[in-house]
Amino acid sequence: MTINADEITEVLKRHIENYSATFEESTYGSIIQIGDNITRIYGLSDARSGELVQFENGTYGIVMNLEEYCIGCVILGSDVGIQEGQSVKRTGHIAKVAVGKELLGRAVNPLGIPIDGKGPLRTEKFRPVEFPAPRVVDRQPINRPLYTGLKAIDSLVPIGRGQREMIIGDRQTGKTAIAVDTILNQTPEDVYCIYVAIGQRTSSVASVIEILRKHDRLKNTTIVIASPNEPASLLYLAPYAGCAIAEEYMYNGEDALVIYDDLTKHANAYRELSLLLRRPPGREAYPGDVFYLHSRLLERSARMSDALGGGSSTALPIVETQMGDVSAYIPTNIISITDGQIYLDRDLFHKGIRPAVDVGLSVSRVGGSAQIPAMKKVAAPLRLDLAQFRELEAFMKFSSEELEKGCRGMVIRGKRITEILKQKQFNPISAPYQIAVLYLASRGHINDVPLAQIQVMEATFISFLKGNFPQYENQIRATGRFTRLAEDILLDAIHKFRKIYLTEHIGHEQMELTREDSFHERIWKEIEEEEHEAEEMEEELEADLEEVRKFIGQ
């Protein structure tokens, strides 16, 4: 047998000519390196960043690095069965997740696969996990409240539908409790909730699910779970999946609330992926695009214009600090993206002030726009009262001198306002009754109540008001304003309640208030006088306008 060089050359030429028919470099690639759920793939020259690719064992991955001769890909799930030399196929699609009301009451992983043992999802709707944020012209101002049911937040740090309000604090200061209370306060068919657990212990997530089930709110909530023992790629993907589920409601003209618990672990997962992909590390070893990581997520929360349905997606990202350091890298990044923050102080928490909201460091950039006029009117003096009380309290630690009468009144009032803002966990209060309780404190009606009895007195008063004066709640809900009629009803209720309750528990001689000596009462009188003057000016202006209209008509 002789070897003919011409024949070999001809065969090789035919193979080279037919190469594209058997293997498309732009469609298929080959694994050249794998480890720690990261693969480097030769080929796939037309792959896009964020595109899904499929391995031989059916597992999917996301393209993250586009290099000159290869691509870097993270595996979504286990890398068992994936080896060097195996082929990889482009899908032509970016990552998507199942959406729709069929997900309510279900627990899914970041890929939208159910993990609650209740069978497959009955939905054919999918949304991409990465999606452009709404344009400015597609949004409208945030002026509808989203009540948490917590007096300290709804009165001092109000949240509006479509807002991004960060919950920040050290470990074990009640961050998740605030998020869960907010879910419990939402009524079905009003606000749909998505709770995204990023790197949270399975036992903690299970307890949250059980609380929601116990209070009949699981049917209104979707749980997205990425547990700490799962690959960093799923922790990275989880909040984007939760955001896509919320967007389905927003773009359909409905309201959604999405909670990211927490974005500190999300940033850590992204840092792990970036270092394994050999991206250049920056401050604290985070990659240079870690700000974009969270901005492109949180900017997707908005309140859409009426022309686009008027739906909203409200985001409550949770961030964990170390020793109260709010100036750390990730917290400062997210502070600059969000519309305010609720700061939980460890010292307040250990003093028994729960929720441990630090009024000085907490802020809502939406502010009174997210409050109904009734809440705005009653809550207006509270922040000033608390700030004055904190200053006097600090002064009293270093002074042995007796405080003068006006300062003593501030201290008495400040202690009672602090006490009235305390609230038991998983016990949200509706807005009309929050207003009633805050009115009690701000107008000095509990200045003669011992601190130890305020919590019991509050609960008893709310029950008394609900049972005997239902017209009060109807007035607030119908108008949204603290009208003279609503105030008269509330004052009548307070007068009757004080006669019954305080006489029994405190004694009649201790019950009467010295209202003429109350510093705060004088402030309220001044506020009422200013409001009366404003109303008179408005009437005069309306009369002048009417005369102008008549003149123009003639």
Phi angles of region 296-302, converted by Karplus (6.51 cos²θ - 1.76 cosθ + 1.60, θ = phi - 60°) into ³J(HN,Hα) in whole Hz with x for Gly and Pro, give 6, 7, 6, 5, 6, 7, 6
Per residue, accessible area of the chain with a 1.4 Å probe, heavy atoms of protein chains only, in Å², comes to 48 Å²
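Please sort by residue number the GluC sites (Glu not before Pro) in region 358-466 whose DSSP state is loop and whose Cβ has at most 12 other Cβ atoms within 10 Å.
Values: sites: Glu391, Glu393, Glu401, Glu402, Glu404, Glu419, Glu458; in loops: Glu401, Glu402, Glu404.
Of the GluC sites (Glu not before Pro), the ones in loops of region 358-466 whose Cβ has at most 12 other Cβ atoms within 10 Å are Glu401, Glu402, Glu404.
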Here the relative contact order (percent) of the chain, from C-alpha pairs under 8 Å and at least 6 apart, is 14 percent
Rounded to the nearest 10, the angle in degrees between the Cα long axis of helix 405-420 and the longest principal axis of the Cα atoms of the chain comes to 40 degrees
Kirkwood radius from Cα pairs of the chain plugged into Stokes-Einstein at 10 °C, 1.306 mPa s, gives D in µm²/s equal to 59 µm²/s
Here the relative contact order (percent) of region 150-296, from C-alpha pairs under 8 Å and at least 6 apart, is 24 percent
One point scatterer per Cα, no solvent, Debye formula: log10 I(q)/I(0) for region 122-181 at q = 0.18, 0.20, 0.24, 0.28 Å⁻¹ comes out as -0.88, -0.94, -1.02, -1.17
Treating only Lys and Arg (+1) and Asp and Glu (-1) as charged, each at its beta carbon, one finds that the chain has a dipole about its Cα centre, in Debye to the nearest 20, of 1400 debye
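Local charge sum around Arg213 (other residues, Cβ-Cβ under 13 Å, Lys/Arg +1, Asp/Glu -1)? Display every interim value, and only then the final one.
Values: positive: Arg106, Lys118, Lys214, Arg217, Lys219; negative: Asp116, Glu210, Asp216.
Its environment carries a net charge of +2.
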The whole-number value in µm²/s of the Stokes-Einstein translational diffusion coefficient for region 211-284, with Rh from the Kirkwood sum over alpha carbon pairs at 20 °C and 1.002 mPa s, is 150 µm²/s
At the level of C-alpha centres, the distance separating region 93-141 and region 147-164, in angstrom, is 26 Å
Taking Cα atoms only, helix 470-479 is inclined relative to the longest principal axis of the chain by an angle, in degrees rounded to 10, of 60 degrees
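Using a 1.4 Å probe on the protein chains only, how many percent of the accessible area of the chain belongs to carbon and sulfur? All intermediate terms of the calculation are to be shown ahead of the outcome.
Working: 14110 of 26850 Å².
Carbon with sulfur: 53 percent of the solvent-accessible area.
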So, over other residues within a Cβ distance under 13 Å of Arg365, counting Lys, Arg +1 and Asp, Glu -1, the net charge is -1
Taking Cα atoms, the helix 454-468 axis meets the longest principal axis of the chain at an angle in degrees (rounded to 10) of 80 degrees
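The values are calculated or read from the model by the stated rules, or taken from the named source; none is laboratory data. Computed from a predicted structure; not experimentally measured. With ideal geometry, Cβ positions are generated from the backbone for all residues, glycine too; neighbour counts draw on all protein chains shown. Heavy atoms of the whole protein, side chains included, go into the accessibility calculation; ligands, DNA and RNA do not. Shrake-Rupley method; radii C 1.70, N 1.55, O 1.52, S 1.80 Å.
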